[in-house]
1. Looking at region 144-195 only, could you name the residues that are at pLDDT below 95, part of a loop (DSSP other than H, G, I, E, B) and surrounded by 16 or more Cβ atoms within 10 Å (Cβ to Cβ)?
2. Would you pick out the residues in region 3-23 that are within 18 Å of residue 76 (Cα to Cα) and not aliphatic (A, V, I, L, M)?
3. Can you name every residue in region 31-49 that is within 25 Å of residue 179 (Cα to Cα), free of Cβ contacts under 8 Å to residues at least 24 places away in the same chain and assigned to a loop (DSSP other than H, G, I, E, B)?
4. Got at least one residue in region 88-107 being out of contact with any Leu (no Cβ under 6 Å at 6 or more places or on another chain), among the charged types (D, E, K, R) and assigned to a loop (DSSP other than H, G, I, E, B)?
5. Keeping to region 50-69, report how many residues are of a type outside the set (A, V, I, L, M) and outside any loop (DSSP other than H, G, I, E, B).
6. If you scan region 135-152, which residues turn out to be of a type in the set (Gly, Ala, Ser) and farther than 21 Å from residue 109 by Cβ?
7. Inspect region 73-81 for any residue being more than 26 Å from residue 22 (Cα to Cα) and out of contact with any Ser or Thr (no Cβ under 7 Å at 6 or more places or on another chain) and give the result as yes or no.
Amino acid sequence: MNSIAVFGTNGAIGNALLLVMLKKFPTSTIYSISRFKKDVSHKNIHHFCVDYFDETQLQEIAKTTTKTGPLDLVLVTNGILQDDTIYPEKALNDISAKKLESSFKINTILPALIAKHFVPTLNKENKSIFAALSARVGSISDNRLGGWYGYRASKAALNMIIKTVSIETKRLNKSAIIIGLHPGTVASNLSKPFQKNIAPENLFSPDSSAEKLFRVLISVSSKDSGKCFDWNCKEVLP
């Protein structure tokens, strides 16, 4: 891969994936994209700050990153589970418009806007990938415990975005693969409040998760476009 863009590189998984890409593709040009400034010391990494909901900025970055050629890989690692004002709903009574809006804005709308501007930049001559971090809890058929209404629904909606983008893209770029990735439970700020309930062997470090996701990326082919895969290369059912 010659040209790679990673969104959300100030997050734990995004930063780990950025470093894995640098290690696996040391001669590639890598674009690091996040809301805030990030110190990068490698000559092959170029960082951009962006307001994700300003489409003019997204469009300009898409143009800048493809001046010398198409992108071979676009990774979207942004996501939200909770912050100071929202948290996973345990019951129907916990739902509010504000919580649902926040979940969908970051987990669904943001990657959809990035896809709008960056899927058309994917390489049409060789295998290219657009991948966004999803979650197993976005699987409707696998929902056995309930709760987490906003997070589940926003990730399920993201999976539908991925599927729909893959159908359109197949007509325009047969080399492109559009997938979702479930990184597992990663030791990060997103999962910190819930880590005590996770068995140690099921709690991945960001570096470990990134390595596993890299193996997924190199293993997928055009027949996998529109699907979501976990860190172990197993398909997450709709």
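The values are calculated or read from the model by the stated rules, or taken from the named source; none is laboratory data. Quantities reported herein were computed from a predicted structural model and do not represent experimental measurements. Positions of Cβ are backbone-derived with ideal geometry, glycine not excepted, and every protein chain shown enters the neighbour counts.
1. Once the filter is applied, which keeps residues that are at pLDDT below 95, part of a loop (DSSP other than H, G, I, E, B) and surrounded by 16 or more Cβ atoms within 10 Å (Cβ to Cβ), region 144-195 yields 184, 187, 188, 190, 191.
2. Those that are within 18 Å of residue 76 (Cα to Cα) and not aliphatic (A, V, I, L, M): 3, 7, 8, 9, 10, 11, 14, 15.
3. Of everything in region 31-49, nothing turns out to be within 25 Å of residue 179 (Cα to Cα), free of Cβ contacts under 8 Å to residues at least 24 places away in the same chain and assigned to a loop (DSSP other than H, G, I, E, B).
4. Looking for residues that are out of contact with any Leu (no Cβ under 6 Å at 6 or more places or on another chain), among the charged types (D, E, K, R) and assigned to a loop (DSSP other than H, G, I, E, B), one finds at least one in region 88-107, hence yes.
5. Total meeting the criteria: 8.
6. Listed by number, the residues that qualify are 141, 146, 147.
7. yes
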